[in-house]
Amino acid sequence: MLKKTVLMLFLFQNLMYAQDTLVVNIDHDLIPDKVWIAFEDDDGYIYAELSAPNKIFKSKPMGDPSGTVHFTKAKNGFYFKVNFMRGGFGVQFRYNNKTKEIEAIGLSRYEFGNAANDGSGESSINLNTHKYIGNWHYYDLEKEALIKMEPIKRTLNFSTQNLSDFDGAIVGDFMDQCAALYTEEKSKHIKK
């Protein structure tokens, strides 16, 4: 009975992490490819198995994403998404026919803010053009209202990154810069 219970727990744990496998044509050869996340020694890795080069791409260790991980099909490639209780992020990857690599080409994030939705909104960056846009809200205590700020548009210094070099650090850097831009713009709005 104990062996059966241990086996069931082991299978349940693996199913919990391996439940999201995306089957989609990534390398444009009309043959389905697979993308999934696997955990090894408490580190998450993104895997992509392509049919054309008959190769498996693997990210660097990302630690534990600490949220609900899933993949979705993009117009050109796929999204790796992690959702938390009141926020989340996404990374868009696509296959580069010239380099024969899978590249991160875009980052996005969203926040619901606190209970008053202060700090709620979303932002994204195109890693090819370096164009950032953020649509954020803040709660004005004097007006007792949620205020939508003007879109924040900037050029940020982020570059594409191959899946084999991806460890999630670029997401943390992006989130830090988003927070700094939000704080800067919020202080300008409050002074008006």
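The values are calculated or read from the model by the stated rules, or taken from the named source; none is laboratory data. Fair warning: this is a prediction, and the values are worked out from it, not measured in the lab. Note that each Cβ is placed from the backbone with ideal geometry, even for glycine, and that neighbours are counted across all protein chains shown. Note: accessible area is taken over every heavy atom of the protein model, side chains too, but ligands, DNA and RNA are not part of it. Shrake-Rupley method; radii C 1.70, N 1.55, O 1.52, S 1.80 Å.
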J(HN,Hα) series, the range 135-144, from Karplus relation 6.51 cos²θ - 1.76 cosθ + 1.60, nearest Hz, glycine and proline x: 10, 10, 10, 9, 9, 8, 5, 5, 7, 6
For Cα Rg over 2.2 N^0.38 Å, calculated from these coordinates, the label among (1) 1.20; (2) 1.06; (3) 0.97: (1)
Accessible area of the chain belonging to carbon and sulfur atoms, whole % at 1.4 Å probe: 54
Estimated distance in nm for a label pair at Ala179 and Asp29, the labels positioned 7 Å out from Cα along Cα-to-Cβ: 4.3
Rounded to 10°, Cα long-axis angle of helix 2-18 versus longest principal axis of the chain: 50
Relative contact order, percent, the range 66-192 [alpha-carbon distance under 8 Å, six or more residues apart]: 16
Scattering profile of the range 92-135 at q = 0.23, 0.28, 0.32 Å⁻¹ [log10 I(q)/I(0), Debye over alpha-carbon scatterers]: -0.78, -0.92, -1.03
0 to 90° range, to nearest 10: angle between helix 169-191 axis and the chain longest Cα axis: 10
